[in-house]
Amino acid sequence: MVQSSATDHILLRRPRSQARIIGVASAIWAGSIFLSRIMGLVREQIIGRTLGASREADLYFASFTLPDFLNYLLAAGALSIVFIPIFLEHLERGDKEGGWEALSVIANFIAVAGGIGIALLMVFARPLVAVVAPGFTNPGEVDTLVRLMRIILPAQFFLVVGGLLSAALQAEDRHVLPAMAPLVYSAGIIAGGLIGTHYAGMGADGFAWGVLAGSALGPFALPLYGCLKAKMRWRPVLSFRNADLRRYLWLSFPIMMGFSIVVVDEWIVKNQASYLAPGALSYLQYGRTLMKVPIGVFGMAAGVAAYPTISRMVAAGAVVEAYGVLCHAVRLMLVATFAAQVCMTLAGFEASYLIWGLFSSRFSVADAETTGTILAFLCLGLGSWAAQTLISRGFYALGATWLPTIVGTIVAFLMAPLYVVLRHQWGAIGLAIASSIAILVYVLLLGWLQHRRFEREAAARGGTLNGAPGMLGAAVRLAVAAGIAIAIGLRARIYLLHVLPGAGLGEILMRISILCVVGVSIYAGLARLFGVAELAEAERLLMRRFSLQPPG
């Protein structure tokens, strides 16, 4: 009765169904993230065709580690997760002015803390190179790395404060401008690289200046405009006695202080790759870029869209229903993610050469082969990377921000030696394997702990999760289906290379099409055979989207 009345209360207060709200938001974010990933590929394509798999490209990619560290300390990646529940509480009470007051005091704190952090890191950038990328010891390389880091560091102010403004818009279900922000950000980097390279001969510096300009125009200016249209009241107030600021700091503190494998993985990979031959760090980065496309389109879009609704359901006491929504979203997302893994594993070389090597003298066939191989091993963790974006939000909806960070930090600490060992053993491929193992261990632990936490919350409200479909069973069946499809597809690939050799545009596109159709068909057939119910739902969604059929 408790669960039922709570759910009825939500539906009475909100005439639109929760499914429709999530559907609209998912469509906006899926479109935005898909376009953002496409623009990201274009951006990386321009970087690869300009810098190649060279030491200059390695330095450019390494220059983001220190700015990303500051971004992480300010909990920028969790701004929406932490701030949306705070802002929503004010809106639910009809106190919008209180919501703007909360935004003002939190934004002012972030601006002051971020400004101090930027200044300190710019001053101490040179000695910190020995920590960020200890393998870069050449004085010229160190000078370049320091210069690039100092250009990119101020962009964190715009990214962090803009993230808070975007969270306020998302809390009111205003998703369009926040969804457009990453597109403008990528466009700024592209413009900076093209202008800097072709008109000033700046190389990596042009891309770095593009990062700064893009962060100001996209993630900051667009949500600021949206908040001003929503009659935002941003006041010059900063008081640690403010209850919302104290709550924000309490919820963000574990994210700020913990070093979860979700973030630290990329830092460790870049740190260890600096010891390898020139180009190794670039291969890993290019492979990660390709892997991020399905992570963003399927994992992040679902997480961003579902989180406000799951938070409302938990706040209303509908814990069992919230867990059901979460598990269903994870299962549906994994159907698409494993299909993407099949395609990227079978056609990794073709995708890499199509994006970076075709008609380019800076990225060779050998570079594409190495990137494709590394991508295949990175994709062993693809499902886990996508799933963690949703699973972690289940904890945040319950107000349990500490547990994912503690688990992620423990996993990072325990797995760090594995990166070193596998780097010595297999170089860049070893780092890709270590990355996949670490994220898989993290997600398995997190999923198990989340079920226990929701079970306790449900029991406290007179409910139970017994009989509710989980995530693991479907994930295992999908993983087996994907593994068999990849094994058969790799055999078919050997035959296809004899029948359709060459690295021209036509041959590349034909092989990508054939390998993906064959691989995904085998995967889908096996998933259906294994009884994965979400496969049929995913097929219906695709048919509806592309045939424009009305909802059934």
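The values are calculated or read from the model by the stated rules, or taken from the named source; none is laboratory data. Note that this is a predicted model, so its numbers are computed, not measured. Virtual Cβ from ideal backbone geometry, glycine too; neighbours counted across all protein chains shown. For the accessible areas, the whole protein counts, side chains as well, though only heavy atoms, and no ligand, DNA or RNA atoms are used. Shrake-Rupley method; radii C 1.70, N 1.55, O 1.52, S 1.80 Å.
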Q. Does segment 242-287 classify as rounded, prolate or oblate by the C-alpha gyration tensor (a ≥ b ≥ c root eigenvalues; a/c under 1.5 gives rounded; else a/b over b/c gives prolate, otherwise oblate)?
A. prolate
**Q.** Area projected by the alpha carbon convex hull of segment 304-356, averaged over all directions, nm²
**A.** 4.6 nm²
Q. Once all Cα-Cα distances of segment 130-205 are split into 5 Å bins that start at 0, what whole-number percent is in each one?
A. 3, 12, 15, 17, 15, 14, 10, 7, 4, 1, 0
Q. How large is ³J(HN,Hα), in whole Hz, for each residue of segment 162-168 in order, when computed from phi with the Karplus curve 6.51 cos²θ - 1.76 cosθ + 1.60 and θ = phi - 60°, using x for Gly and Pro?
A. x, x, 5, 5, 4, 4, 4
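Assuming 1.002 mPa s and 20 °C, estimate D for segment 214-272 with Stokes-Einstein, Rh taken as the Kirkwood radius over Cα pairs, in µm²/s. Please report the intermediate quantities before stating the final value.
Details: Rh = 15.0 Å.
The estimated diffusion coefficient comes to 143 µm²/s.
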Q.
Below 8 Å, C-alpha to C-alpha, sequence gap of six or more: please give me the relative contact order for segment 142-263 in percent.
A. 30 percent
(Q) I'd like to check one number: the per residue accessible area of segment 376-471, probe 1.4 Å, reported in Å² as a whole number. (A) 41 Å²
**Q.** From phi via Karplus (6.51, -1.76, 1.60), per-residue ³J(HN,Hα) for segment 117-128 in Hz, x at Gly/Pro
**A.** x, 4, 4, 5, 5, 5, 5, 9, 4, 5, x, 6
Q: Would you be so kind as to identify which of Ala181, Leu194, Gly226 lies farthest towards the positive end of the dipole of segment 157-269, taking Lys and Arg as +1 and Asp and Glu as -1 on Cβ and the Cα centre as origin?
A: Gly226
Q | P(r) histogram, all alpha-carbon pairs of segment 277-368 included - 10 Å bins from 0, percent | A | 15, 33, 23, 16, 10, 3
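Would you mind getting the accessible area per residue of segment 174-319, heavy atoms of the protein chains only, 1.4 Å probe, in Å²?
Numbers: 5560 Å² over 146 residues.
That works out to 38 Å² for each residue.
Given the DSSP H assignment, sum -39500 (n - 2.57) over each helix run of at least 4 residues in the chain and divide by its residue total; what's the result at 222 nm in deg cm²/dmol, nearest 500? Can you show the working numbers first?
Values: 24 runs with 437 residues, N = 552.
Calculated at 222 nm, the ellipticity per residue is -27000 deg cm²/dmol.
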Q: For Lys231, list the lysines whose Cα falls under 16 Å from its own Cα; do not include residues on the same chain fewer than 8 positions away.
A: Lys96
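Kindly provide the chymotrypsin sites (Phe, Trp or Tyr not before Pro) of segment 272-374 that DSSP labels as loop, not H, G, I, E or B, and whose Cβ sees at most 14 other Cβ atoms within 10 Å. All intermediate terms of the calculation are to be shown ahead of the outcome.
Values: sites: Tyr275, Tyr283, Tyr286, Phe298, Tyr323, Phe338, Phe349, Tyr353, Trp356, Phe359, Phe363; in loops: Tyr275, Phe359, Phe363.
Hits after loop and neighbour filter: Phe359.
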Q: List, largest first, the extents of the alpha carbons of segment 401-552 along their principal axes, each in whole Å.
A: 62, 55, 26
Q | Rh by Kirkwood over Cα pairs, then Stokes-Einstein D for the chain at 1.306 mPa s and 10 °C, µm²/s | A | 65 µm²/s
Q: Return the Cα extents of segment 191-344 along principal axes one, two and three, sorted largest first, each rounded to a whole Å.
A: 56, 48, 31
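Over segment 424-525, what is the relative contact order in whole percent, taking alpha-carbon pairs under 8 Å and six or more residues apart? It would help to have the intermediate numbers written out before the result.
Working: 27 pairs, mean separation 23.6, N = 102.
Contact order relative to length: 23 percent.
What's the magnitude of the charge dipole for the chain around its Cα centre, counting Lys and Arg as +1 and Asp and Glu as -1 at the beta-carbon? Answer in Debye, nearest 20.
Values: 41 positive and 28 negative charges, 161 e Å.
Dipole magnitude for the chain comes out near 780 debye.
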(Q) Within the chain, what whole-number % of the accessible surface is contributed by carbon and sulfur, with the 1.4 Å probe and all protein chains included in the calculation? (A) 69 percent
